[in-house]
Each structure stands twice: as structure tokens, then as C-alpha cells.
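Here is the structure we will look at, set down as C-alpha cells.
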Amino acid sequence: MPREALAALQFERLRSSLRNAWDNVPLHRQRMQVAGIVPEEVRSLDDLRRVPFTFKSDLRDHYPYGMFARPVSGLARLHASSGTTGKATVVGYTRADIDNWANLMARSLHGAGARAGDVVHNAYGYGLFTGGLGAHYGAERLGGAVVPMSGGSTERQIALIMDLGARVLCATPSYALAMAEVAEQLGVDLRQSKLEVGVFGAEPWSAAMRAEIEERLGLKAVDIYGLSEIMGPGVACECTAQAGLHGWEDHFLFEVLDPETQAPVPEGQAGELVITTLTKEALPMLRYRTRDITKLTTTPCECGRTHLRILRITGRSDDMLIIRGVNVYPSQIEAVLVGRPMIAPHYQLVVERQGTLDQVTIEVEAQAGVAPEAFAAIARDVAHHVKSMVGISASVLVKPVGEIPRSQGKAVRVRDLRPKE
């Protein structure tokens, strides 16, 4: 679709979404009234900047249904976060919302290279987490045969991938690497399987990890993006060009803002991604602060799609560490670690407070067969490259094989030991 026609469709749907929020969600109406704006006064997409932000804390503060625009009797499904940092965030879907989600996931999977008739091995977690069912419904809508494996039972996962001939693998990138590791221990070469496409998301991952996954699993690793507050997976996805995630602008409006000033940043400059839903019935989100740091580009993609592209998510504004005065995201350190000699692609960052500054210890794991006598040299090598490429001085602890925890879902990359404020 030409971008002019896309913008016209966005505006029409934005007015409808604002009216849905105003009529049915008291918090949105109150905030717009305080800001001195009513839906009819939004006369262009630029007027969106007058609309107040929505935050994840709003979902917790109005738990469980206070942000919903439909009564429970009008819902088809409820999902929720784990609530590990407080009350769970509950999200809901009407039947039309579920239908849109399945269509967008099917669109995303097709762009990534999946096709009707493919066996799709789905290792995203099923349940309240949106990843498993989101990928499942999308793959079925595309016409694939879904293996609803969920996470865990890694040896059985590998056997089923080999036996059932999956062409597409859906998982978190960290779990994909864990599967590769177990397969190698079992003497199974996943590069000899029928896998060709990997659709990986739910956590930030680096270009270095992509290369590692592609080498060890013998497939094309494609990034997918989503968050349950907005829909779930399928808000954006890379195509086979692997040159940024196409954000589905007929259903979402994307902004990138300076996280401190809230001012728009120029195209191609990093900032915080802010998303407004255009078609969500049950849970309209207006200018939702994702905290994800990224860049946008509207330059044409070689695949021919005209939707803007979200460049790789580098981290979250609330995950940023200040190490000796330097702003650092965990993914920057990952980019240095993955592929370094004699260490496995498993790591954790242990963050402690010393005075007014954060101190980070990088825990890495030696590859199988590396003698403990080499650990000190490995630590020096890692510290040197982190210093030269990221700009921070960090302690490095090399651990024996298997001592960094493996993830069957979202990897826990940071252990935060700083005192709670």
C-alpha cells in the first residue's frame, strides 16, 4: 500500500480507537479531558502528540479490568503477566481482537519465510504468556501444521523436530541456543534437520547471537516483536531480508521519542518506542510507553513492503545500567560475548551498587573441554574487549560448563543485587 493511503487508513482508525477509549475507559477520558482534547479535535496524525501517554503501571493500578473497553461478557480470552514485580498485568481480547491477532501473526510468519503446509514447531510457552498461543493461532491461520510443544523437555523437542520434519521453529533465541547445546550433547546435528526458518522473539538479542543460532541450527533466524499490552507477538516482524522489523502500521501507530524529554527524535535516531493501537476493541492503548529503545526507518525494503521498519531493539530504558558514568544496555555486552573464543553463548550480568555507581560482574561459561587453567586468560580477554568495544571496566568470572542457568522461556540476563529504593 502506498504510504499516503496507509496514513489515511491510520487516521480513520485512530479516530475510531480514540472514540472507543473515550467512551469506554474512564482513565483515558479523564486524561484527555485534563489535556484539553476530545477525539473529534484530532484532525491529523500529528495531533496524536496531544494525547496523554499510557504506562504499564496503569494496568496494575486498575487491576484487573479497569483499563478494559468491554465488559467481561464481551471478551473471548484473558492473558496475564507473571506479576513478579507486583500485581499481574491482565490483558483481554474480543473475538475480533483474536481474529486480528491471528491474521497479523500469519502475516508475520509469512514475511519471515513460513508457508502454508509447513510443520511449525512451537516452543514458546503456552498459557497466560501470549507467545505460545499467539504463534499457534498465526501458524494455523497461515495453513501450517503446528506442533504445540511449549517450553521444556528439551531432549523430546529435539527428537520431535527431527522425526516430524519441522521447517519452522518458534522460540525465544536463548532457548534456541539451549536446544542446540543439548542436541550437540546428544550427538544430534540440527543442521541436518529440515529446519529452514526460525522466528525468535520475546527478549532482546544481538546480531552476534543471530549468527550463532544460524550456524548451530542451520536456519535463517528472524526477529519478531510484540508485547502483551499491545497485542502479543506479531506487532512487528522481520522479513527474509533481515533488515529490521516491519511494524504493521495498519493496526498500530509507532513513535520514537526521547525518553527524558518526550520529544520526537528524527528518523534513524534512537529513542523509546511508543505505540498506539488502531484496531483493538477490548484494550485500546493510547501512546503506550514500551520502554524499548530502538530506531525507525521508512526507507523502502527490498521485499517491497511499505510498512516502516523497527530496527533491532537494543534494550529497555528501564534496563539501562550506568557503569562508572557510562550508559550501557545488556545487549551491548552480549554482542561482545557471543562468539568469543572458548566461551559458550550463555552469560549473566550481576549488578551491585558501590557508592553512587553501578558495578557489573560479567559471568560467562567456558566451552566444553576448556581447562580451568585457561579461565584467567579468558577473563582478561573478555574484560579487554568489553572495555574497548563498550567502554566500561567490568569484573569477569568464568564458570565451568553448565553453571549459567538455561532458560526455557525469556532468559534472565541481569541479576540485580542493588538495594531496593
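The values are calculated or read from the model by the stated rules, or taken from the named source; none is laboratory data. All values derive from a computational prediction rather than experimental measurement. As a convention, Cβ positions derive from the backbone with ideal geometry for all residues, glycine included, and neighbour counts pool all protein chains shown. SASA here: full protein model, heavy atoms, side chains in, ligands and nucleic acids out. Shrake-Rupley method; radii C 1.70, N 1.55, O 1.52, S 1.80 Å.
Using a Gaussian network model of the chain in which every pair of alpha carbons under 10 angstrom is joined by a spring, one finds that among 154, 299, 89 the greatest mean-square fluctuation is at 299.
Here the Karplus relation 6.51 cos²θ - 1.76 cosθ + 1.60, evaluated at θ = phi - 60°, turns the backbone of segment 29-43 into coupling constants of 4, 4, 5, 5, 5, 4, 6, x, 9, 10, x, 5, 7, 7, 10 Hz, with x for every Gly and Pro.
Summarising the label geometry, the points placed 7 Å from Cα in the beta-carbon direction at residue 414 and residue 361 lie 1.8 nm from one another. Taken one residue at a time, the phi angles of segment 174-185 give Karplus couplings (6.51, -1.76, 1.60, θ = phi - 60°) of 5, 6, 4, 5, 4, 5, 4, 5, 5, 4, 5, 5 Hz. Gly and Pro are set to x. Along segment 206-213 the Karplus relation, 6.51 cos²θ - 1.76 cosθ + 1.60 evaluated at θ = phi - 60°, assigns HN-Hα couplings of 9, 4, 5, 5, 4, 4, 5, 5 Hz to successive residues, with x for each Gly and Pro. In this simple spin-label approximation, residue 377 and residue 242 carry label points 7 Å from Cα along the Cα→Cβ vector, and these lie 3.2 nm apart.
Counting only heavy atoms of the protein chains, get the accessible area per residue of segment 1-157 (1.4 Å probe) and round it to a whole Å² value.
46
Counting Lys and Arg as +1 and Asp and Glu as -1 over every other residue whose Cβ lies under 13 Å from the Cβ of residue 398, the net charge comes to -2. Highest mobility in the GNM of the chain, judged by mean-square fluctuation with C-alpha springs under 10 Å and restricted to 363, 214, 184, is found for 184. Amide H contacts of residue 292 (H built 1.01 Å from N, in plane; Pro and chain starts excluded): 273, 317 sit under 5 Å, all sequence-distant by 5 or more or on other chains. For residue 16, the accessible surface of its heavy atoms amounts to roughly 70 Å² (probe 1.4 Å, protein chains only, rounded to the nearest 10).
Counting only alpha carbon atoms, the long axis of helix 154-164 and the longest principal axis of the chain meet at about 80°.
Computed over segment 121-224, relative contact order equals 25 percent, with contacts defined as Cα pairs under 8 Å that lie 6+ residues apart. Considering only alpha-carbon pairs that sit under 8 angstrom and 6 or more positions apart, the relative contact order computed for segment 50-178 is 22 percent. Near residue 15, once Lys and Arg are set to +1 and Asp and Glu to -1 for all other residues with Cβ below 11 Å from its Cβ, the sum equals -1. Restricting segment 39-128 to trypsin sites (Lys or Arg not before Pro) that sit in a DSSP loop and have at most 15 other Cβ atoms within 10 Å of their own Cβ leaves 43, 87, 115. Note on residue 38 and residue 23: their simple-model spin labels are 1.5 nm apart, each label 7 Å out from Cα toward Cβ. Based on DSSP H segments of at least four residues, each scored -39500 (n - 2.57), the chain has a per-residue ellipticity at 222 nm of -9500 deg cm²/dmol. In this structure the amide hydrogen of residue 227, modeled in the peptide plane, comes within under 5 Å of the amide hydrogens of 232, 235, none closer than 5 places in sequence on its chain.
Given a cut-off of under 8 Å on Cα pairs at least six residues apart, what relative contact order in percent is computed for the chain?
Relative CO of the chain lands at 14 percent.
Taking segment 93-117 and a reference point 7 angstrom along Cα→Cβ of residue 303, the backbone N atoms nearer than 20 Å belong to 100-117.
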